[in-house]
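None of the figures in this text is laboratory data; all of them are computed from the coordinates on show. Please read these numbers as outputs of a predicted model, since none were measured by experiment. Glycine gets a Cβ as well: all are built from the backbone with ideal geometry, and neighbour counts include every protein chain shown.
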Amino acid sequence: MMSFYVTTVGFYFCTMLTVLTVYIFLYGRAYLAFSGIGEAIQTRANVLQNTALDAALNTQFLFQIGVFTAIPMILGFILESGFLTAVVSFTTMQFQLCSVFFTFSLGTRTHYFGRTILHGGAKYRATGRGFVVRHIKFAENYRLYSRSHFVKGLEVVLLLIIMLAYGYNNGGAVSFILISVSSWIMALSWLFAPYLFNPSGFEWQKTVEDFGDWTDWLFYRGGIGVKGEESWEAWWDEELAHIHTLRGRILETILSCRFFFFQYGIVYKLHASGSDTSITVYAWSWIVFAGLVILFQVFTFGHKAWVNFQLPLRLIQSVTLLLLLAGLAAAIVLTALSVTDILACILAFIPTGWAIISIAVAWKPVLKKLRIWKSVRTLARLYDAGMGMFIIVPIAMFSWLPFVSTFQTRLLFNQAFSRGLEISLILSGNNQNNG
């Protein structure tokens, strides 16, 4: 029994180490992109025609595409069934998207193993879902996998966008694809695997119903006795229950500080900042972020005391919006600020906001005493709404295409589909003969 536990813990530890290695690689590439070290190394290698250095920099994709992690499985197939059967089995598994499911379950193991290390409270967690024949609603999948997969998947996507926008790669698009292909597969698997393996997940009518059910859940206020399946607020409180020790709060705060890295790197890449590398540029970015938070409070303000003054409140919000748009237009025309800078600022401030939410969540009792917890909760709801829209929009787009739903049904119900089709043909043939 002891050997079983040792083997299990070792497996989960190796799983978490694999995902951690991918994170370190992506953050390392982002640092090289922001600092310019990557460009300097590549340029020096080209100038000196250092073939060995070029090879060392460009062979990392061999590890990234996951070939080496698949070798033990391929060798096992070869030993059991022979070379040709092993190749056919491995190819069939890829067409059946087994790698997508494995990558998703790997994220589940990593999340809960890491949470247990940080906060304790070890207990059984299902790492996958059995074969199902009923449609799971979008809101249910979102509740199950939001914090364990979707947040991390979007973080990986953000890192890959940073690499694409600011990274230097003399190999062009092909080299970038080879370097980042497995990271894209991992991120997309974490984001969309629950809906890819969900029966009737790409039927338009089901998608419309799921969207309505998700919005009702998201904006339902909740109250005493309301469960997480009924209200976003109740679900959010349940998701925070594991943070209850001082050690856990400190560790969560330290880990959340990694999101400030995006803001720090991007603000020094703006056209408006030019070649200025002083701390003043970073300080101005925080002033802008504080202004955005104040604007958010203005547009989400709806205190009960203002129920009879809705017209003045809407007027203030409208004037504020017009002034904001006019200020942005004037800044673009009169200063070095460009439209690209605006998009880059969005790319920088979204992780910053999530970092503030994560730190606030860790210190929830303190924020409740300061009476700013409701504002944090409103901001967190906005982030969940944006994350849900990011996931459901591609699903809705594929739902417009009827062949996608047919392909998904054929993929999920392979043997059952074939047998059902054969039985239906036999029955129809008998009916024709009887007629």
Which value, in debye to the nearest 20, describes the size of the charge dipole of segment 194-242 about its Cα centre when Lys and Arg Cβ atoms bear +1, Asp and Glu Cβ atoms bear -1, and nothing else is charged?
40
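Provide the FRET efficiency to the nearest 0.05 for the Phe176-Gln205 pair, computing r from the beta carbons and using R0 = 56 Å. Please report the intermediate quantities before stating the final value.
Values: r = 39 Å, r/R0 = 0.70.
In this case the efficiency is close to 0.90.
Using the per-residue mean of other Cβ atoms lying within 10 Å as a proxy for protection, in what order, highest first, do the peptides 278-286, 378-386 fall?
Values: 278-286: 13.0, 378-386: 16.1.
Ranking the peptides 278-286, 378-386 by packing returns 378-386, 278-286.
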If I model segment 238-307 as equal point scatterers sitting on the Cα atoms and use the Debye formula, what is log10 I(q)/I(0) at q = 0.22 Å⁻¹?
-0.96
Given R₀ = 56 Å, what would the calculated FRET efficiency be for Ser99 paired with Thr280, taking r from the Cβ atoms and rounding to 0.05?
0.70
Charged-residue dipole, Cβ positions (Lys, Arg, Asp, Glu), segment 157-299 about Cα centre, Debye nearest 20
720
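For the ranges 200-207, 21-28, what's the packing order if you count other beta-carbon atoms within 10 Å of each residue, average per peptide, and put the highest first? Don't jump to the answer; show the numbers that get you there.
Values: 200-207: 18.6, 21-28: 14.6.
Those peptides, ordered most packed to least, come out 200-207, 21-28.
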Could you list Val333, Val267 so that the one with the fewest beta carbons within 10 Å of its beta carbon is first and the one with the most is last?
Val333, Val267
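For each of Arg410, Arg29, Arg377, count neighbouring Cβ atoms within 10 Å of the residue's Cβ, then give the residues from fewest to most.
The most exposed by this proxy come first: Arg410, Arg377, Arg29.
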Links that overshoot a 27 Å alpha carbon limit, given the list Lys227/Lys374; Lys137/Lys369; Lys206/Lys364; Lys227/Lys368; Lys152/Lys269; Lys269/Lys364
Lys137/Lys369; Lys206/Lys364; Lys269/Lys364
Please list the radius of gyration and Dmax for segment 240-369, considering alpha-carbon atoms only, with Å as the unit.
18.1, 52
Dipole of segment 240-369 [Lys/Arg +1, Asp/Glu -1 at C-beta], most positive-end residue of Ile243, Ile316, Ile294:
Ile243
Going residue by residue through segment 343-348, the Karplus relation 6.51 cos²θ - 1.76 cosθ + 1.60 with θ = phi - 60° gives ³J(HN,Hα) values, rounded to whole Hz and with x marking Gly or Pro, of 5, 5, 5, 4, 4, 8
With the contact rule set at Cα under 8 Å and sequence spacing of 6 or more, what percent relative contact order holds for segment 240-369?
51
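Ranked highest first by average number of other Cβ atoms within 10 Å, how do 249-256, 155-162 line up?
Details: 249-256: 15.9, 155-162: 19.8.
With the highest mean Cβ count within 10 Å placed first, the list reads 155-162, 249-256.
So how strong a dipole does segment 240-369 carry about its Cα centre when Lys and Arg Cβ are +1 and Asp and Glu Cβ are -1, to the nearest 20 debye?
Values: 9 positive and 3 negative charges, 130 e Å.
About 620 debye.
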Would you kindly derive the ³J(HN,Hα) couplings of segment 231-240 from the backbone phi angles with the Karplus curve 6.51 cos²θ - 1.76 cosθ + 1.60 (θ = phi - 60°), listing them in order in whole Hz, with x for Gly and Pro?
9, 5, 4, 5, 5, 5, 5, 5, 5, 9
Listing Phe398, Phe296 from the residue with the fewest other Cβ atoms within 10 Å to the one with the most, what is the order?
Phe296, Phe398
What spacing in nm lies between the two simple spin-label points modelled at Leu246 and Thr21, each 7 Å away from Cα in the Cβ direction?
3.8
